[in-house]
Amino acid sequence: MMKIGLFLCECGGNISEKIHFETLVKRLSGLEDLKIFRHPFLCSPEGQSFFREKARGLSGVLVAACSPHLHQETFWHLIRKEAPQPLKWLALREEVAWTSGPEATEKAERLLKFFLRALRRSRPPALRTLKPMPHVLILGAGAAGIKAALRLNACGLEVSLVEREPFVGGKALYLDRLYPRLECASCVVSPLISALAARPEIRVFTQARLVKVEGEAGDFVVEVETLPRFVDLERCNGCGKCLEICPRPGALERDPPHPFPQAPVLRPQACLHFQGKKCQLCQKACPKKAFLFREGPRRHTLRVGGLIVATGFQPYPGARLESLGYGRLPEVTTLYEVEKALSQGKAPGGQKRPQRIAIVHCAGSREQGHLPYCSEVCCGFALKASLRLKELYPEAEITHFYQDLRLRGLAGEELYRRARRAGLRFVRGRVAEISPIPYPETSSRGVTVVAEDTLARRRLKWGADLVILVPGFVPERGAGEVAGLLGLCPDEYGFFEPREEKTAPVESFREGIWLAGACTGPKNLADSVATAEAAALAAFLFLRQESLVKEAPSIYWHENRCGFCQLCVELCPFAAIRPLEGQIKIDPGACRHCGLCVSACPSGALEGSEGSFTEDWRELWR
C-alpha cells in the first residue's frame, strides 16, 4: 500500500483566506493511506525542515501551494535527499485561490482528489547522472552577448558566439551617446569589442544562424550555419585596400566604426564579378589574396552544455509609419537613423542645418494597429538625442510631442530638467498628421506638424524642417525561429518569457538555456549588460557541477494506438516532440512534463508515468 503525504501550504493567507482548509481536511481525511500536513509557510526554512521530516517513509508526496515555477525544484531536491519518490505539485494559489469565487473550496477538493489519484498511479522516478559539457553557445553578439562571453571565458569555460550580422556589436555600435549621462557610446562599447578580439579562444561565427538543436541541458548538440563572407578571416589583415579600389558602392562593406572581424564583407548582389563581369580588382589589390569567390554556406556541429539567448530587439519598422510621413516626406526620419548618422559623424538633417526640429514620441506605440505597449526606454533615448542635437545646432528650436514621459532611473528626472534649461520645448499630445505643406505658408521648405496640446486644450500647428519619429521596439528578426528551435516561450508580442520574471529573470522554461539582454523586452544598455552578467553566472554555476541528476522520460508513446495525426507535435510549447521515420520521438531534455500532449492525444497513444487520464477528467468535471 502506498503512503501518500498531502502538504497544504497556507501561503501566509494567500490560499487559506480563499479556501477553507478545515473543510478540505475533513473531506479528504477519509481517503485511504493519506496523511495530511498543513503549514503557514512551507517554503520558509522552518517549513522546509517540517517537510523533510514528515516526508520520510512516504511513498509519494503531493504539495498544494503556489506556482511550481517558484519552489517545486527546491522540494524536489529535498525529496531526492531521502529517496526518489513521486512528487506532484498543485498550484493551489494561482489555479484556485486567485482565480475562483465562492466555489474555491469545492474546486480545490476536486483538483486534490484528481492529483492524489494520479500520484497513486505514479512510479518512483528513475534517476540518471550526466556530466555537463563545459561549453556555452551564445546567440547574439551585441553588448549583452559579448559581455556574457567574456565573463564565461574568464571563468574557464569554452565559449562560442553566433551573430546573424557580418560584424559583432549589435545596435550599440550605432549609438552616439548613452542615456542618461550622455557619455560617448563608442567609449563604452569599443572596449568590449577589443576585449573579444584579444581572446582568440572565443569562437565567433558571423553571418550565422542556429539551424538544429538536439540533446538536453548539459549535453546539447547544435548545428550552426554560416553564410559566405567571400573573405578568408584568417588571411585578411584589415588593411582596407580592397575598399579603396572597389568600383561598385555597396559591393564591399565594413560599416561599423569598430568592426570586428576586421575583414570586410562582400555583397554578391552589388559585385561586378557575381554579375558576370570580369572584375577582381579587390583580389588583385589584396596583399594576402584573402578573397574566396567560390565560398559557400558551411555547417558547424558543436557540443555544448548550455545556451545563452541574447538576440536583442529592433526598432519598429519605419515603413509602417507612412501615415506620419516616413518614406513619403524627405524631412521625416526615425530616431535610430539619427543616432546612426551622429555615430558616424554625419549630419542627421542632411547638408542643410535644421532650424525647427520636431521629435514625435510613441510613433506607432500605444496604438491600435501598431504596438499596443510602451517600450519604456524610448523617451530617454529621445531626450538624450535632442540634447545632442541642441549641441550641434544651438540655434534650432526643438519640440518634443509626447503622450507621457517615462524616464527610467534616478538620473532621468535630472535629464529632463537639463533639457528644459537648454530651451527644449515639450508639448503633451498625440501628433495627428504631418502635412507636406510648409507652415507658415510663407516658408519655402519644411512640413507642418498637426497635434493636440492636451494641457493647453487646443489644436496646434507647428512648422518643422526635420521631424524625428520615435518608434518603439520589437523582437529581433528570427526570434520566432529561435523560439521554435529551442522550445522557448514567447509572449504575445514575441519577446521571450523568463521562467519567473521576479525571481528567475534570466532563466528560460527550458533547463540549460538562459536569457540575456533585450530578447525578453526593451532594455537600455546598462540593463542589458546586467542581465548578461546574471545569465553568465547562472550558466557557470550550472555547468561547473561534477554531474547533473536528471529524471528519466515520463511520457511514453504507444505505436499501436497512434494515428500519427501529430497533434502533440503542434501543441507542445517546448518543441520536445517531433516525428521521425514514422515514429514519435520525445526529447527528454526539452520535455517539461506538463502533460499537455497526454491530455490532447485523441487515441491515448501518449501516456504519462501515471497512465491516461481521459476518463478521470470526465469524471472529475461531471
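The values are calculated or read from the model by the stated rules, or taken from the named source; none is laboratory data. Note that the structure is a prediction, hence the values are computed from the model and not measured. All Cβ positions, even for glycine, are placed from backbone atoms using ideal geometry, and neighbour counts span all protein chains on display. With ligands, DNA and RNA removed, areas are computed over all heavy atoms of the protein, side chains included. Shrake-Rupley method; radii C 1.70, N 1.55, O 1.52, S 1.80 Å.
Which whole-number value in Å² is the accessible area per residue of the chain, probe 1.4 Å?
47 Å²
List the trypsin sites (Lys or Arg not before Pro) in the stretch 125-185 that DSSP assigns to loop (not H, G, I, E or B) and whose Cβ has at most 12 other Cβ atoms within 10 Å. Which are they?
Here the trypsin sites (Lys or Arg not before Pro) that fit, given the DSSP loop and packing criteria, are Arg181.
As a test, work out the antiparallel percent of DSSP beta bridges whose residues both lie in the chain, rounded to the nearest 5.
50 percent
What's the extension gain from Arg366 to Ser444 if we count 0.36 nm per residue and subtract their Cα-Cα distance?
Computed gain between Arg366 and Ser444 is 24.7 nm.
Give the longest segment of the chain that steers clear of GluC sites (Glu not before Pro) in DSSP loops with at most 14 neighbouring Cβ atoms within 10 Å, not counting the sites themselves.
It works out to 235-366.
Using a/c under 1.5 as the rounded threshold, could you call the stretch 465-608 rounded, prolate or oblate? The axes a ≥ b ≥ c are square roots of the C-alpha gyration tensor eigenvalues, and prolate needs a/b larger than b/c, oblate otherwise.
Oblate shape, in that a/c is at least 1.5 and b/c is the bigger or equal ratio.
Could you tell me the calculated FRET efficiency between Lys212 and Lys131, based on Cβ-Cβ distance and R0 = 22 angstrom, to the nearest 0.05?
Approximately 0.45, to the nearest 0.05.
What FRET efficiency, computed as 1/(1 + (r/R0)^6) with R0 = 60 Å and r the Cβ-Cβ distance, is obtained for Cys239 and Ala456, rounded to the nearest 0.05?
About 0.50, to the nearest 0.05.
With every protein chain in place, what's the accessible area of Ser29 (1.4 Å probe, Å², nearest 10)?
70 Å²
Could you tell me which of rounded, prolate or oblate describes the stretch 403-517, using a ≥ b ≥ c as the square roots of the eigenvalues of the alpha-carbon gyration tensor, with rounded for a/c under 1.5 and, failing that, prolate when a/b is larger than b/c and oblate otherwise?
Because a/c hits 1.5 or more and a/b exceeds b/c, the stretch 403-517 counts as prolate.
Give me the distance in nm between label points sitting 7 Å out from Cα along the Cα-to-Cβ direction at Glu570 and Arg121, one decimal.
2.5 nm
In the structure displayed, which of Lys171/Lys352; Lys54/Lys113; Lys289/Lys346; Lys88/Lys502; Lys241/Lys278 lie more than 29 Å apart, Cα to Cα?
Lys289/Lys346
Leaving ligands, DNA and RNA out of it, report the carbon-plus-sulfur percent of the accessible area of the stretch 315-474 at a 1.4 Å probe.
Roughly 48 percent of what the probe reaches on the stretch 315-474 is carbon or sulfur.
Once you sort the root eigenvalues of the Cα gyration tensor of the stretch 267-363 as a ≥ b ≥ c, which label holds: rounded (a/c under 1.5), prolate (a/b larger than b/c) or oblate (the other case)?
It is oblate, given that a/c is not under 1.5 and a/b is not larger than b/c.
How long is the gain from Cys374 to His558 if the chain were fully straight, where each residue apart is worth 0.36 nm and the alpha carbon distance is subtracted?
Residue separation times 0.36 nm, minus the Cα-Cα distance, leaves 61.5 nm.
With an 8 Å Cα cut-off and a minimum separation of 6 or more residues, compute the relative contact order for the chain in percent.
Value for the chain: 14 percent.
Roughly to the nearest percent, how much of the accessible area of the stretch 4-124 is carbon and sulfur, given a 1.4 Å probe?
50 percent
Please list the non-local residues whose amide H lies under 5 Å from the amide H of Tyr439, H modeled 1.01 Å from N, same-chain partners needing a gap of 5 or more.
Sorted by chain and number, the residues that satisfy this are Val447, Ala464.
Give the dimensionless ratio obtained when the Cα radius of gyration of the chain is divided by 2.2 N^0.38 Å.
Expressed relative to 2.2 N^0.38 Å, the Cα Rg reads 1.16.
As an exercise, use a Förster radius of 51 Å and the Cβ-Cβ distance of Lys3 and Glu533 to find the FRET efficiency, rounded to the nearest 0.05.
0.65
Provide the gained length on full extension for the span Glu546 to Ser100, in nm with one decimal, where the gain is 0.36 nm per separating residue minus the Cα-Cα distance.
Separation in residues times 0.36 nm, less the Cα-Cα distance, equals 156.1 nm.
Rank Tyr393, Tyr179 by accessible area, highest first, at a 1.4 Å probe radius?
Most to least solvent-accessible, the answer reads Tyr179, Tyr393.
At a 1.4 Å probe radius, which order do Lys88, Lys289, Lys26 fall into by accessible area, largest first?
Ranked list, largest accessible area first: Lys26, Lys289, Lys88.
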